[in-house]
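Working notes, beginning with the structure itself.
The values are calculated or read from the model by the stated rules, or taken from the named source; none is laboratory data. All values derive from a computational prediction rather than experimental measurement. With ideal geometry, Cβ positions are generated from the backbone for all residues, glycine too; neighbour counts draw on all protein chains shown. Just so you know, the surface numbers come from the protein's heavy atoms only, side chains and all, with ligands and any DNA or RNA stripped out. Shrake-Rupley method; radii C 1.70, N 1.55, O 1.52, S 1.80 Å.
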Amino acid sequence: MLYDRRVPTEGTGLLNPHERFTALYTTYQARVYGYAVSRAGHRLAEDVVSETFLVAWRRLDDIPDHAQLPWLLRVARNLLRDGFRQAARRESLEAELRTWLEEAADAGEHATERVTVLRALAALSEADKEILTLTTWHGLSTAEAAEVLGCTRAAFFVRLHRARRRLQAAIDTTETGTSRKSVTVSGRKPR
Amino acid sequence: MSRKPDAMDRLAMARPASLDRGSRVSAADMLVTATTGSAGEPSPGPSRPGRLRPAAAPARSRRWTPLWAPLATTAIVVLVFTLVTNLAPAPAVLTPPRANQELFDLADRIERLPAGGGAYWREVAVDGGHLFSGGYTLLVVDRRETWQPRDPADPVLTQRWRGSARPATAADERRWRAAGSPARVKGHCETGESCGSVPVAAAPEDCRYTLRTDPAGIYPDRTVGEFTMADLAALPTEPAELRKRLRAYHAIWYSRGFTRSFEEFLPSTVNLLGMPLSPAQRAAIIRVLAGLPTTKVVGAVTDPLGRRGISVDFGGPEGFVVYSEKPREELPVRYRQILDPETGEKLSSVSYAARTALGATEGQIMAYQARGSESGWTGPPASPVKGCEKGR
């Protein structure tokens, strides 16, 4: 039997590329979107999702069945790392962080706690933010997070440990009120 | 006594709700974008994720195999005798024809055609391919349609019809009937496992539509660049200026990690000929394409939807293969773009078997992506066809 893989067979139960892609998108677009929001703000998140899944379509056969989400997030990560509209991204992310703080402040219960943590997070480097949120916000296992970052699990644990320490320090700093300036969103550490 | 939450616990509790919103783009819309934006099919081969690959030449496929010998540049000199107005004996004029003269002629013919207009650009895509199974050949076709508004405040309409199969020829129909006229035919699963089947029907059916506004207003075919309708309207009509503008779009691609050179990128601009442009803009694109060293006019052909067109090979060392998984076999195909000789618009992209093998005959159409004749400027309202159900 000769099969042209461009032949559409959608809706037939065949796992043709269209259906595989649709399943992939339906399953993971929200997760990729969440990651994109945390890295680039919601203004650019749609673009990141779109670019990521365009790559996914082109590389459908390369996506490992057992690690589809890490693969997608790695694509999104590389897109962002490769200079994806840097200036716009910085602005978008800063706006996003401000929105998070405003929303956290209006959250009622635990509002202060959430604002404190988000202020502390905002003061960390991009790399620390990413490591910390991959497991806490995006629900990845350590193995998956290591896959996204392209490092070993051991290396991931080391980096996570260091990032966690810096987050704790930033929280302490914020809580003791030694830094009451407006939140730093450029990724620099608090003084 | 409960454990005091550590920094990670506290961070988890501070997770913003906005992370859960998800994309507003439906899977169907994304698929439309992907299939138009990446020329129709996934690409093969192991690769590290995340590094964008070069902008695809129009509708290339899984595997690239060298098919094309370098173009022979045989200069044919033609003596053209002209008469001056006083009917005096004319001097002989040596006029070497330009390569791809047919394309330059086409550009000359169309550039002064009246530009169309309308609130919407309707793009009808009909994709087809052949499936060989059970001693007969089936043509599997699907259809999708996009109404892209000139004003991004207006909604974008997309409609998709489920693919269906029908016997490719009268002889195939006889064999299909002899096999008991099965309502569904067995397809082939890429994994080689037992799979489902394709319904046999005269035309694609089971339509689903979406109707929603897209404030960004990016035209769905992104193979050349991310154009708004205004961007497209602003493309120059002078070839040198157009090249300059295209170089800027190439630079955007390049900055995103694409490694294809500007010269390698240019053939993909043939896809602009299926976008909402004026005849003068199309003429400029055709002139740019005609001047590329890799461009070769193949000749007049009939496209898969039965329309006369000019077949063009935009060259390059690449062809693509059709394959079967069990056993794994591959068939090189020739790839052609077919242009409308009256308007310069792209009619279809077609792949032909490059040799007789695996049940295919050399020159046979293996797959195509055709633009329906209904494509073009139209007016509102953008509304789905009767019976089309709302999709997600």
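Excluding ligands, DNA and RNA, what is the solvent-accessible area per residue of the stretch A:87-175 at a probe of 1.4 Å, expressed in Å²? Spell out each step's value before the answer.
Details: 3980 Å² over 89 residues.
Result: 45 Å² per residue.
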(Q) Along the Cα→Cβ direction, 7 angstrom out, place labels at A:Thr26 and B:Leu211. What is the inter-label distance in nm? (A) 2.4
Q | R0 of 30 Å, Cβ-Cβ distance B:Thr228-B:Thr378: FRET efficiency to nearest 0.05 | A | 0.95
Q) How much length, in nm to one decimal, is gained on full extension between B:Val385 and B:Asp151, taken as 0.36 nm per residue of separation minus their Cα-Cα distance? A) 82.1 nm
Q.
What distance in nm lies between label points placed 7 Å from Cα along the C-beta direction at A:Ala87 and B:Gln101?
A. 5.0
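Quick check: convex hull over the Cα atoms of the stretch A:87-175, volume per residue in Å³, rounded to an integer? Before the final figure, lay out the partial values.
Numbers: hull volume 8.7 nm³, N = 89.
In the stretch A:87-175, the Cα convex hull volume per residue is 98 Å³.
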Q.
Give me Rg/Rg_expected for the stretch B:101-390, where Rg uses Cα atoms only and Rg_expected = 2.2 N^0.38 Å with N residues.
A. 1.07
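Can you figure out the FRET efficiency of B:Leu305 with B:Leu113, using R₀ = 22 Å and their beta-carbon distance, to the nearest 0.05? Write out the running numbers ahead of the final one.
Numbers: r = 22 Å, r/R0 = 0.98.
E between B:Leu305 and B:Leu113, to the nearest 0.05, is 0.55.
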Q.
Give me the inter-chain shielding for B:127-135: mean count of other chain Cβ atoms within 10 Å, whole number please.
A. 4
Q) Across the residues of A:46-55, average count of Cβ atoms on other protein chains within 10 Å? A) 6
Q: Under 9 Å from the Cβ of A:Thr133, count the other residues' Cβ atoms, weight Lys and Arg +1, Asp and Glu -1, and hand me the total.
A: +2
(Q) Considering all alpha-carbon pairs of the stretch B:213-299, what whole percent are spaced by more than 18 angstrom? (A) 42
**Q.** Rounded FRET efficiency, nearest 0.05, which uses the C-beta distance separating B:Arg256 from B:Arg177 and R0 of 30 Å
**A.** 0.05
